[in-house]
Amino acid sequence: MRCVGTVVRGIRTPIIKENDDLATIVTKSLIDAQESEGFKFHDKDIVAITEAVVGISEGNYVTVDDIALDVQNKFPSKN
């Protein structure tokens, strides 16, 4: 009988930038974490990657300045 339920780990990666090879970065980060922290991956384990990280690596994001300009254009009277 299982005594432990779901275990969640936050895995540290380098800062992700546009055009980075996300698969390589994630794989290396997972292997490094496994080795340094002494846990093992098993069949049926699930690895989730945030949408934000995927978007950044694909160049599919906006900056705060982009949002500010959009708001300014939609509300030119500043009201």
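Coordinate-derived values only; no laboratory data. Because the structure is predicted, anything quoted here is derived from the model rather than measured. Methodologically, a virtual Cβ is constructed for each residue, glycine included, from the backbone with ideal geometry; neighbour enumeration extends over all protein chains shown.
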| task | Pairs only if they're at least six apart or on different chains, beta carbon under 7 angstrom, first in the stretch 34-51 and touching a residue at least 24 places away in the same chain (Cβ under 8 Å), second among the β-branched types (Val, Ile, Thr); list them, first residue then second. | result | Ile49/Val26
| field | Residue within the stretch 45-55 that is in contact with a helix residue (DSSP H, G or I) (Cβ under 8 Å, 6 or more places away or on another chain) and acidic (Asp, Glu) present | value | no
| Name the residues in the stretch 50-78 that are of a type in the set (Phe, Trp, Tyr) and either in a helix (DSSP H, G or I) or within 23 Å of Leu22 (Cα to Cα) (or both), would you? | Tyr61
